[in-house]
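Q: Right, I'll just put the structure down here and ask away after.
Each value in this text was obtained by applying a stated rule to the coordinates, not by laboratory testing. Not measured: the values here are computed from a predicted model. Here the Cβ positions follow ideal geometry from the backbone for every residue, glycine too, while neighbour counts run over all protein chains shown.
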Amino acid sequence: MLSGFHDHPRKRVVRSQYDTPLLKGISQRFAIKYVYLGLPGPQMQDIAEWSGLIRRIIAFERPSRPPRGAREDFAELQFNLVVSGLPFDVYYGDMETVVIWGRDIEDRPFVQEEMITLYNLDFCDNISSKIEVPPLFEGDGGNTIGKECMRFEALRRLLRLQADLYSKGGDSRFIVLITVREGLDGAAIREWRKADNPQEVRQWLNKALGNKKIPNGAVFVSPDVLKPFVFTCFRSYCAGLNIASHFLPMVRYHGLSGKGTPMAHFAVLCRLSHPRSALPGNLQTVNHFLALSTMRAGNDGLAPEPLALETGAPMPDIMEIAEAFFA
């Protein structure tokens, strides 16, 4: 059965040469079998590659694109999940919409009953694009009918669910893999620049943007803007949840055509602590992350490709960081 989802060489390089060594190393060092939440695609290439590292799957699949029937990708994923022999739940719809609304297209409630130790989040559109929120959306004190939020807000809700479950007991360590388009809505960039960002971020943005005009009602593509945007949003979503985080270097690659949509991939180590305890140590500064050299995934492998503003800090030893952070 042909799928509407397409793997390609650059995506495989990111998965095999960047994600897999990290996941295998942490699994072996800390005797972790992952509870996976993400978008594996109908043919489940990532789950197949990480075979033996995963013990449970929570998956999402959006409606197929024509000419395939709307549920064909979902049915293929469901079949392959059964064949895998692993316990699973699968939801029909965009991950972001299912998480924010708390139910999928077929009105099945979204339920998370245990701690997730591996998130593999491939956002379905640019992360600043808007989706409608349900009435009385959590975090809003009033009726929210007709209101919208950023697609990336789904991550905030996932982190909140994670923190709530941790309060009842569970592993404090987890990994978040995030894949996004490099573009951001111009309005979102302008709104973000007005926020109370760290001075280092404001200085970085002033240099990155200079006199460039941020478009109205259009997408602005800039890895220099996306990098601190993802970092500051993630940190703000962790606020009050006692979640410490450490970002590894950003990886850039082109989408399916090779010269198609510019994409960016982030790997974030996370650790929870109980509300009455001190926030976990090893907190990474924004300057440290901004200085890390960005990587480029080509058809044949990974190579450093620093952004103009990066200081060229070398690729760190991932396992040294993980051992210090998760100890």
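Q: How much FRET efficiency would the formula 1/(1 + (r/R0)^6) give for Asn287 and Leu256, where r is the Cβ-Cβ distance and R0 is 22 Å, rounded to 0.05?
A: On the way: r = 35 Å, r/R0 = 1.58.
The value I calculate is 0.05.
Q: 222 nm [θ] for the chain, helices only, -39500 (n - 2.57) per DSSP H run of 4+, per residue, to 500?
A: Calculated from helices alone, the mean residue ellipticity at 222 nm is -9500 deg cm²/dmol.
Q: Considering the values (1) 62, 41, 35; (2) 51, 48, 46; (3) 61, 47, 35, which represents Cα extents along the principal axes in Å as calculated for the structure under consideration?
A: (2)
Q: Using the Cα centre of the chain as the reference point, and only Cβ charges (+1 on K/R, -1 on D/E), how large is the resulting charge dipole? Debye, rounded to the nearest 20.
A: 600
Q: Here's something else I'd like to know. Determine, from the Cβ-Cβ distance of Arg29 and Phe79 and an R0 of 35 Å, the FRET efficiency 1/(1 + (r/R0)^6), rounded to the nearest 0.05.
A: For Arg29 and Phe79, the calculated efficiency is 0.55.
Q: What residue among Glu182, Glu61, Glu114 shows peak mean-square fluctuation when the chain is described by a Gaussian network model with Cα springs under 10 Å?
A: Evaluated over the chain, the most mobile residue of the options is Glu114.
Q: Using a simple charge model, +1 on the beta-carbon of Lys and Arg, -1 on the beta-carbon of Asp and Glu, nothing else, what dipole does the range 111-257 show about its Cα centre, in debye to the nearest 20?
A: 640
Q: Kindly state, to the nearest 0.05, the FRET efficiency for Ser273 paired with Asp196, given R0 = 25 Å and r defined as their beta-carbon distance.
A: 0.55
Q: Here is a further query. Hey, which aspartates and glutamates would be in cross-link range of Lys11, C-alpha to C-alpha under 12 Å, not counting anything within fewer than 8 residues on its own chain?
A: Asp19, Asp46, Asp122, Asp300
Q: In addition: In the range 148-219, if the dipole is taken from +1 on Lys/Arg beta carbons and -1 on Asp/Glu beta carbons about the Cα centre, which of Ile175, Ala208, Ala195 is farthest to the positive end?
A: Looking along the dipole axis, the top candidate is Ala208.
Q: Could you work out which residue, out of Glu148, Glu113, Glu49, moves most in a Gaussian network model of the chain, that is, has the largest mean-square fluctuation with Cα springs under 10 Å?
A: Sorting by GNM fluctuation, first place goes to Glu113.
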